[in-house]
Structures are given as structure tokens and as C-alpha cells.
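The structure appears below as C-alpha cells.
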Amino acid sequence: MTFALSSSRLATTLGLASRNLLQQRAPIKHLHTSLKTHYAASDSPPPAEGFLPGVANSKFIKGTHHDALRNPELAGVANGETKKMNTFQAVNDAMSIALATDDTACVFGEDVAFGGVFRCTMGLAEMFGRDRVFNTPLSEQAIAGFGIGMASMGSTAIAEIQFADYIFPAFDQLVNEAAKYRYRSGGEFNVGGLCIRTPCGAVGHGGHYHSQSPEAYFAHTPGLKVVIPRGPIQAKGLLLASIRDRNPVIFMEPKILYRAAVEMVPVGDYELPLGKAEILTHGKDLTVVGWGSQLYVLENAIQIAQQKMPGLSVELIDLRSILPWDVETVCNSVNKTGRLLIAHEAPKTQGMAAEIASTVMERCFLRLEAPIQRVTSYDTPFPLVFEKFHVPDMIRCAEGIERVMKF
């Protein structure tokens, strides 16, 4: 059946639509003008990926050659060179090494041949050829399906989903095909060469379609691995490990850190372990768990809490791998401290913090001194104007720390 509009009705409809669109754009235009004026006065352009306070001065950022190579996990490149990189440059470097060391490796996705919307694939097509770094149609289901087929034939498929918010059309391919491919064939076939990269998380102005953190959806799926790095050094090592791991991996990159986090990154080829958390600060009174950009929020929250409670000793853990997650490291810490706080940008209900809390209750119940605290985003769609109130900031996290310590 077809429908037709008369020319007058069509003009009226278009006119109303245009007026509504202009009305919707008015506050956005005002906000844009204010931001433009602000950044013009400060002589610095607004970062496209957002701004996260505290990253540049974080003690977790390794700004010198010596600090970068002091990590025992980097023993293999301890005598090598380092180079100043931000997170998107470190991701680019990891893919460059993967392409150079594996003739079967290909990088593909929407706009990747042009460098990608966040510049993560810049220069790769020119260096390795457009038959190995190429654009795809705007179809996330097709991107994932193509990657599965490619990996099933023994190649290394590095696929990009342009925003994690748009990974859901590929959900069936990833959850029902990639995750189960080895199992349903009795181990005869696998798609271990598949790695899905996708930018995730809040940026300050992304709204409900460019700000989500959907890691928990995939953490419910046996057969997948899910990884989220906190900065350039971690991004490079974890991405290389994810590309080379013999299981399909979803590698989520907090896009607010693409430019905000800058470190001296080893230029050599190195991997960091999947499924292994990292203890960033040791403590005896409270265990705090986070991942990705939330770690810098927690670092500041701990400092605020320590000003109110002098002598407070906090053990901060970067989970790094969401699936599988490092149960042993977290539980050993909670058995020592007796208290736990978990923070993440995803909504609270059925978030990854719930799984961690449940497991800790099962394993550490008799050692707990207070109820486990979860500090998360609210159970609402991601709001544009109210984003700063939606995500767990340093004040909300500091209040959570105070609650668990004063119970």
C-alpha cells in the first residue's frame, strides 16, 4: 500500500518539522555559543572527545620514560624506547604493530580508511594498503558478521563499531554467533581472531546516543571477553593482547581519554594480561574498584575523603578486564580491608558492580564490616543537559566512601 500527501499538506508538514527542529536546536546553539566564547577566552579549542578533570595531574599517568618502564608487566620492553602518545595514538600504534606482524590482519569499519572519527586509524590505510584497512557500509550487524566470517577462516579481524551505543544491531552476531562458534562446533571451528573495537562512555555532550557504557550486556555472555583500558600504555598493551587472544574480544575505549590521557608509551611490541586486575594504590581500610575513565574520578574522590578522614588507607583496583574479571585480586583485597566500593558509568540495575558485589558477598561475607557501596549512573536514559549530574563524579564517589567508612 502507498500513501500520498498533497503539495499543500506536504508543505505544512515540512514547515512544522522545520520549526520544531529549529526550536530544538535553539538551546544547543546557545550552549555552543557559550562554549565557543569560553574557549576563545582561554586560547584552547574545546576537545571533541570531552574534558575529564584530574587526568593530566594523575599519578596513574606515566609522564616520564622512567615511570613508564617501571611497571613489572612491561619487563619485555624495559630497555626500549618510549614515545609521548595520547590514547588514540596508542590505539593506532597497537593496530599498526598488529598489521605489521600478522599478514592476515585487517582493520575495517565505518570511515576507518579516512582515519576514523576519532583518528584512531589515521595513516594505516596508506601504510598497509586499502585492501587491509578499508571502509564498510553503515551496518553494525554486517561489520560484526563480516568479522566473524573472516575470523572463522583463520584471519585476524579488527573491526570498529564507531560508537558503543550503536553496537546493538550487532548484538545477535556477537552474542549468538561469535561467542558460541567454538562451542557449537565442538571445538572444530572458532572465531578467536575477532576483535571488536568501540569507543564508549561519557564525554560531557554526547547525549543518549553517544555516551553509553554497555559492557554489562556482553559480560553476561560466555565465550566473549570484554576489556576497558584506562590510558595510553594500558590501551596499547591490552589491545595487542585482545587482537592476539584466541577468543573473540570486545575492546571498549573510553573516548574521553583519547586526547585527555597522555603518557610516555613504549614503542616496542608488548602485551598486557587479559583477565588480570591491577592494584594502583595499596591500602588497608577500604577497597575501591573501577575501570576506564572512572579511575581518575575515584582517585580524586579518595583524596577528598582523605581530607575529611585523615589517615584513611584505600586500595584502588583497576579491573581492566570486565569478562573474565579478576575475582581473586578483588576478594583478596576485600578480605584484607573489610569494605568495598565499586563505581562505573553504566546504570546501577544489573550493572557490573552488581556482579562484583554478589561474588564478594559469597566469598568474603564474614570479613565484611559494612554494606558494599555501588556508585553509578542513574537508571535513566543518558541525558544531554544533565550529564554532569548523571555520571558518578568525584563528589558522589567521595560521599560513597564516607558512607561505607562510617557504617
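Filtering the stretch 154-169 to residues that are among the charged types (D, E, K, R) and closer than 26 Å to PHE189 by Cβ leaves only GLU160. Look through GLY193, GLY201 and report the one residue that is farther than 28 Å from GLY268 by Cα, small (Gly, Ala, Ser) and assigned by TED's automatic domain parsing to the domain that holds GLU73. Selected residue: GLY201, the only one of GLY193, GLY201 that is farther than 28 Å from GLY268 by Cα, small (Gly, Ala, Ser) and assigned by TED's automatic domain parsing to the domain that holds GLU73. Residue selection: VAL360 fails the criterion of being open to solvent by less than 90 Å² (accessible area, probe 1.4 Å), closer than 15 Å to GLU299 by Cα and in contact with a helix residue (DSSP H, G or I) (Cβ under 7 Å, 6 or more places away or on another chain).
Of all the listed residues (VAL385, VAL404), the sole one being out of contact with any helix residue (DSSP H, G or I) (no Cβ under 7 Å at 6 or more places or on another chain), assigned to a loop (DSSP other than H, G, I, E, B) and not small (Gly, Ala, Ser) is VAL385. Against the test of being touching a strand residue (DSSP E or B) at 6+ places or on another chain (Cβ under 9 Å), among the acidic types (Asp, Glu), within 30 Å of ALA301 (Cα to Cα) and at pLDDT below 95, the options GLU49, GLU73 yield a single qualifying residue, GLU49. For the stretch 202-261, the set of residues classified as part of a strand (DSSP E or B) and either on the phi > 0 side of the Ramachandran plot or touching a Cys at 6+ places or on another chain (Cβ under 9 Å) (or both) consists of VAL249, ILE250, PHE251, MET252, GLU253, PRO254, listed by residue number. Screening SER358 against (1) of a type outside the set (Val, Ile, Thr); (2) over 19 Å from SER213 (Cβ atoms); (3) touching a residue at least 24 places away in the same chain (Cβ under 8 Å); (4) not in a strand (DSSP E or B) leaves a single unmet condition, (3). Of the residues making up the stretch 99-156, those that are surrounded by fewer than 16 Cβ atoms within 10 Å (Cβ to Cβ), in a loop (DSSP other than H, G, I, E, B) and among the small types (Gly, Ala, Ser) are GLY123, GLY129, SER139, GLY154.
Scanning the stretch 388-401 for residues that are in a helix (DSSP H, G or I) and either open to solvent by less than 50 Å² (accessible area, probe 1.4 Å) or not hydrophobic (A, V, I, L, M, F, W, C) (or both) yields LYS388, HIS390, ARG396, CYS397, ALA398, GLU399, GLY400, ILE401.
The values are calculated or read from the model by the stated rules, or taken from the named source; none is laboratory data. Worth saying up front: this structure is predicted, and the values here are computed from it rather than measured. So basically every Cβ, Gly included, is an ideal-geometry build from the backbone, and we count neighbours across all protein chains shown. The protein model used for the area step is the full one, side chains on, heavy atoms only, and it has no ligands, DNA or RNA in it. Shrake-Rupley method; radii C 1.70, N 1.55, O 1.52, S 1.80 Å.
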